[in-house]
């Protein structure tokens, strides 16, 4: 019976391509392009929508603030550096680890940097995660309705209609200055490199 259970556990994979128990996720230093393609456990999938690019403003699109349920348009948030940590689903291991890194290690960042977690999870899932993980100092935004943020940025994965694992950094004027779209979605982004870059903008 124990062997059968082991086989079931080993054979299970998470919907968003995030690894289950085992060795820690690999940190990826490479990047794909928004609107291009990524791999999910070696299987390629296209990224849909209009690709954002460095040096251009973040597009105007409404997300839902998971705490207040009010609409938020990130293109209108000015005055702070925005560090967007984008994940397929917050209820999977790699996505959870990425968000923990954002919340725990990100506490060292300047107060002029706003940390934002974005996924297509419902606001209720975001609130539950934030409370259970004790990571309530992050702004959680949901693209659960129609994936409009994903389409407006070129980060909506065609296969599962989830957001591609990415880091996007926007300067105080609303212009995109940094993009990492993780080529293999079961890997983590280079969070330390993103933190260093965000810190350089916030000076």
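The values are calculated or read from the model by the stated rules, or taken from the named source; none is laboratory data. What you are looking at is a predicted structure, and each value in this text was computed from that prediction instead of being measured. Neighbour counts are summed over all protein chains in view; Cβ atoms, including those assigned to glycine, are modelled from backbone coordinates with ideal geometry.
Just a few scattered comments:
- Residue check for residue 118: within 19 Å of residue 80 (Cβ to Cβ), crowded, with 19+ Cβ neighbours inside 10 Å and out of contact with any helix residue (DSSP H, G or I) (no Cβ under 6 Å at 6 or more places or on another chain): yes
- Residue match in segment 187-196 (condition: in a helix (DSSP H, G or I), in contact with a strand residue (DSSP E or B) (Cβ under 6 Å, 6 or more places away or on another chain) and in contact (Cβ under 8 Å) with a residue 60 or more places away in the chain): yes
- Set 159, 121: member being in contact with a strand residue (DSSP E or B) (Cβ under 9 Å, 6 or more places away or on another chain), within 20 Å of residue 100 (Cα to Cα) and not in a strand (DSSP E or B): 121
- Residue check, residue 164 in contact with a strand residue (DSSP E or B) (Cβ under 7 Å, 6 or more places away or on another chain) and closer than 22 Å to residue 48 by Cα: yes
- Residue list for segment 124-140, filter: touching a residue at least 12 places away in the same chain (Cβ under 8 Å) and outside any helix (DSSP H, G or I): 135, 137, 138, 139, 140
- Residue check, residue 151 touching a residue at least 60 places away in the same chain (Cβ under 8 Å) and in a helix (DSSP H, G or I): yes
- Only one of the numbered conditions (1) under 20 Å from residue 57 (Cβ atoms); (2) part of a loop (DSSP other than H, G, I, E, B); (3) in contact with a helix residue (DSSP H, G or I) (Cβ under 6 Å, 6 or more places away or on another chain) is not met by residue 169, and that is (2).
- Subset tally (residues that are at pLDDT 85 or above and under 27 Å from residue 125 (Cβ atoms)) for segment 7-30: 3
- Residue selected from segment 47-58 under the condition over 17 Å from the mean Cα position of the chain (by Cα) and in a loop (DSSP other than H, G, I, E, B), by the criterion farthest from residue 172 (Cα to Cα): 50
- Scanning segment 59-79 for residues that are part of a strand (DSSP E or B) and either within 17 Å of residue 161 (Cβ to Cβ) or in contact (Cβ under 8 Å) with a residue 12 or more places away in the chain (or both) returns 62, 63, 64, 65, 72, 73.
- Boolean, residue 156 is in contact (Cβ under 8 Å) with a residue 60 or more places away in the chain and surrounded by 24 or more Cβ atoms within 10 Å (Cβ to Cβ): yes
- The requirement of being closer than 17 Å to residue 53 by Cβ and surrounded by fewer than 16 Cβ atoms within 10 Å (Cβ to Cβ) is not satisfied by residue 136.
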